[in-house]
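S.K.: Right, I'll just put the structure down here and ask away after.
The values are calculated or read from the model by the stated rules, or taken from the named source; none is laboratory data. The shown structure was predicted, so the numbers you read here are calculated from the model rather than taken from an experiment. Because the Cβ atoms are built from the backbone with ideal geometry, glycine has one as well, and the counts that use them run over all protein chains shown. We work out accessible area using only protein heavy atoms, side chains counted, and drop any ligands, DNA or RNA first. Shrake-Rupley method; radii C 1.70, N 1.55, O 1.52, S 1.80 Å.
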Amino acid sequence: MKLNRLVNEKRIGIALVDITDEFQPVFAGVNGDSMMYAASLPKIAILFGLFKRIEQGTIIMTDEIHAEASAMIRKSSNTAATNMANMVGLD
């Protein structure tokens, strides 16, 4: 993804958590000790909520939902985040 320059300049931090086994999560990251603006963090929680609802069978993944979730995460769309939050619910 050609992110090396941004990582080296400490302009981006990347973190990945594998929660396939919820009792033994695995974490990997770069620039985790650098303070960065994290405005999209709630969008990650909304995405997690969407996946939980899909797992529970209360939401079925459609092309429209996939497109909205992609816009929320890939383009940081606040409108898509609001739509997804309303669909998933705040609980």
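S.K.: Could you state the angle between the C-alpha long axis of helix 78-88 and the longest principal axis of the C-alpha atoms of the chain, as a value from 0 to 90 degrees rounded to the nearest 10?
M.R.: 50
S.K.: So if R0 is 30 Å, what FRET efficiency would ALA28 and GLU55 give, r being the distance between their Cβ atoms, rounded to the nearest 0.05?
M.R.: The value I calculate is 0.80.
S.K.: Evaluate the distance, in nm, between pseudo-label points positioned 7 Å from the Cα of ILE14 and of THR62 along their respective Cα→Cβ axes.
M.R.: Rounded to a tenth, the inter-label distance reads 3.4 nm.
S.K.: Counting heavy atoms of the protein chains only and a 1.4 Å probe, report the per residue accessible area for the chain as a whole number of Å².
M.R.: Heavy-atom SASA per residue in the chain reads 82 Å².
S.K.: To the nearest 500 deg cm²/dmol, what mean residue ellipticity at 222 nm is calculated for the chain from DSSP H runs of n ≥ 4 alone, each contributing -39,500 (n - 2.57), summed and divided by the residues?
M.R.: Only helices count here, giving -14500 deg cm²/dmol.
S.K.: Please give every one of the lysines within straight-line cross-link reach of LYS2, meaning a C-alpha to C-alpha distance under 23 Å, and leave out same-chain neighbours fewer than 8 residues apart.
M.R.: The reachable lysines, counting only those whose Cα sits under 23 Å from LYS2, are LYS10, LYS75.
S.K.: Seen from all sides and averaged, what is the projected area of the convex hull of the Cα atoms in the chain, in nm²?
M.R.: So the Cα hull casts an average projection of 7.3 nm².
S.K.: Return the carbon/sulfur percentage of the accessible area of the chain, one whole number, probe 1.4 Å, all protein chains in place.
M.R.: With neighbouring chains kept in place, the figure for the chain is 58 percent.
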